[in-house]
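Bear in mind these aren't lab numbers, they're just calculated from the coordinates by the rules spelled out. Source: prediction; values computed, not measured.
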Amino acid sequence: MLTVDDVLEQVGEFGWFQKQAFLTLCLLSAAFAPIYVGIVFLAFTPDHRCLSPGVAELSRRCGWSLAEELNYTVPGPGAAGEAFPRHCRSYEVDWNQSGLSCVDPLASLATNRSHLPLGPCRHGWVYDTPGLSIVTEFNLVCDDSWKVDLFQSCVNLGFFLGSLGVGYIADRFGRKFCLLATTLVGAVLGVLTAMAPDYPSLLLFRLLQGLVSKGSWTSGYILITEFVGLGYRRMVAILYQMAFTVGLVLLSGLAYVIPHWRWLQLATSLPTFLLLLYYWCVPESPRWLLSQKRNTQVIKIIDHIAQKNGKLPLPDLKMLSLEEDVTEKLSPSFADLFSTPHLRKHTLILMYLWFTSSVLYQGLIMHVGATGGNLHLDFLYSALVEFPAAFIILTTIDRFGLIRPLVVSNLVAGAACAVMIFISHASASWGISCREHSDTHLFMGLDYPFPQVQICECVCRVRCGIYVARSGYRQVSKAAGPTHTPTDDA
């Protein structure tokens, strides 16, 4: 009996139809970048100091420059281990009293400034930035600085919770329905995030956006890998991730032009509605339709692919079967990941690798520019280094296999983390970004059961994940001969 892979070999494994579908779906991957790492620009923390009533008037009367105002009225760095007194503490002084001079006004109150009492910022903060971020609008600094991390944690929690249901939706209602539904809901939530009136509602919208956004990205990934032949799946998987890198580059430029976080959020969310045109541009996965015994629609889509690729329609499509191995389970479960000792070992190893990769990547990308450099340029450089990383993967993965590049990339990433202790943070951050992004791209290029970036999603979105893995296993099986089984590879 014919399989979908056999049919694709005849109508074109990566013809005009697949190229058009691939480029179209890559827009999904690029659109996911602002959701995954948009916090870098949405919640950037500029230099700030306490707002002290009377200081502005005294500065105007004395004709101080900004440097002089900071020198005369803002506390110094403080004792070692003290948490940012310059940003979070102010002198308990009445700056409106008439006895203050314009030259070192605090000298008349105490011979040593360290003897003056310090207090919290009772009147808010002054931010040295022309733009506006979530931090500056909701004053997420000093004692409330942890709320910035909570903001990003909410979207990551959404990734995890969403992964529990996205696989079921994709299997029950189809890849295309899952893609369109999650894209629509994600776009609406992106707009609502830009309009959030307060911090709690901001967290809620961000959490809900995380629930659906990664499902949209993964649905596109699954669709394109099911449209192409076995020999091209690894390549399109890596290039699909490269589209995410393109999204990072565009995000840095967009954030430079739009320094206001609400307008930036709208600028990255509104174009997502155009992706709903996929309803007319991208057909449903023939593999999923075949699993639902909707063979008539499968035949129409295969004929459409043949026509687009300039091939003749196949006359014997009624004999299509879903899998090469008729005994293969059509309803994989979470327990399948631990069904054999070999699978348990690989599952635990990959969980650990995905965990470390995700933590390092987000930890680095979220602190770009924290060392005082140019935020937009630092982010752009950290994104650009992903392109040579992807090129290295494409040119070496078939020659050297999977394990050796994986080991080398992890060793280099670990060495870069260690070097960061001994050299300046700026150069260390750039170096580790190069290596860690390369490591993340390598994971995306692997034909393992976990094609997603987040470890929670990699484990929980089993239905889609195991399917992709089995597709990869069949590719190996064809090359090795009939005795090479998926269980052996697992």
Go through K19/K176; K176/K293; K19/K293; K19/K311; K176/K214 and tell me which ones have a Cα-Cα distance over 21 Å in this structure.
K19/K293
Determine one quarter of the surface area of the Cα convex hull of the stretch 29-162, which equals its mean projected area, and express it in nm² to one decimal.
10.5
Computed over the Cα atoms of the stretch 84-164, what is the convex hull's projected area averaged over all directions, in nm²?
7.7
